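Some notes on the structure that comes next.
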Amino acid sequence: MTDTLATLAAHLAVTAGTLIRDGRPDEVVVADTKSSPIDVVTKMDTDSEQLLRHLISAARPQDGILGEEGDAVVGTSGLTWVVDPIDGTVNYLYGLPAYAVSVAVVAGEPDPATWVPIAGCVHRVPDGATYTAGRGRGAYLDGARISVNDARPLSHSLVGTGFGYTTERRRAQGAVVAALLPRVRDIRRIGSAALDLCAVASGHLDLHYERGLKPWDMAAGQLIATEAGAVVTGLHGRPATEQMTVAGPAGSVADLVRLLEVLGADEGP
Ligand code: IPD
């Protein structure tokens with residue numbers, strides 16, 4: 001069952017990725033905005049999500065669907081597909097080659113606090129890199145097994161993060177990253193949380209942390225990172241949720257969590 005779901009997740013992500021790649025106009029325009037004027041939606045976000053919803057309903061009519069750009073569909077099977085039709089929409093808008101389709105299927109409520117991710121795929125559209133994982137089956141990049149880096153001191157860790165779209169949230173996130181920067185090897189802001197989590201899984205980042213991730217930003221990446229040997233958690237013993245997500249090898253995560261707790265990184269706006 002897990003392998004069948006993982007194969008389907010990969011098929012869905014790659015099919016939507018083909019639409020996004022082949023259908024990208026020379027000039028991408030903003031079709032709508034969400035939480036702030038810089039939180040954008042393009043026509044391709046909605047087209048890609050419609051395609052994913054159509055393919056999921058055809059293949060698995062009994063399952064629920066939770067997507068970034070539409071209403072939640074409640075299923076009867078206990079499984080829900082959690083999809084981000086373009087993660088890294090701002091990169092897509094500007095033509096920066098760091099955007100992906102993220103598709104996961106989770107058991108239980110589609111809530112990161114309690115869900116159990118079963119299978120997932122993150123497909124980086126510009127170069128076709130495809131990360132996959134099934135629960136208990138390991139994590140793979142283009143079919144080759146991947147694993148997180150060994151834990152290393154924070155001072156030698158490359159740390160990915162991201163920022164929300166509102167001024168108040170960014171002011172708080174800016175203060176946290178300013179305190180962190182002198183204590184780590186360096187900071188990366190790739191612009192796609194799904195790709196950040198996969199970069200942790202494949203050792204291209206040591207750690208990732210972010211406040212504000214939505215279920216669709218993290219579902220597939222969380223499973224891929226976990227199956228690659230990462231701990232994915234929140235602060236103060238809480239699970240990874242919108243409040244805070246920290247991912248990486250256990251020893252490094254423990255150090256980063258301690259520091260983020262001192263900085264109050266999961267509080268405020
Ligand atoms: C965004 C990206 C970004 C993260 C934001 C997300 P979107 O997703 O994952 O890296 O920092 O929090 O909203 O809007 O491109 O799907």
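Values as computed for the structure displayed
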item	result
Test: residue in region 26-35 that is within 16 Å of the ligand (Cβ to nearest atom), surrounded by 15 or more Cβ atoms within 10 Å (Cβ to Cβ), small (Gly, Ala, Ser) and assigned to a loop (DSSP other than H, G, I, E, B)	no
Condition met for Gly212 (under 30 Å from Thr7 (Cβ atoms), within 9 Å of the ligand (Cβ to nearest atom), surrounded by fewer than 24 Cβ atoms within 10 Å (Cβ to Cβ) and not aliphatic (A, V, I, L, M))	no
Tally, over region 187-208, of residues that are more than 12 Å from the ligand (Cβ to nearest atom) and either surrounded by 19 or more Cβ atoms within 10 Å (Cβ to Cβ) or at positive phi (or both)	7
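Values in this text are rule-based calculations from the coordinates and carry no lab data. Everything quoted here is computed from the prediction, not taken from an experiment. Glycine also receives a Cβ, built like all others from the backbone with ideal geometry; neighbour counts cover every protein chain displayed.
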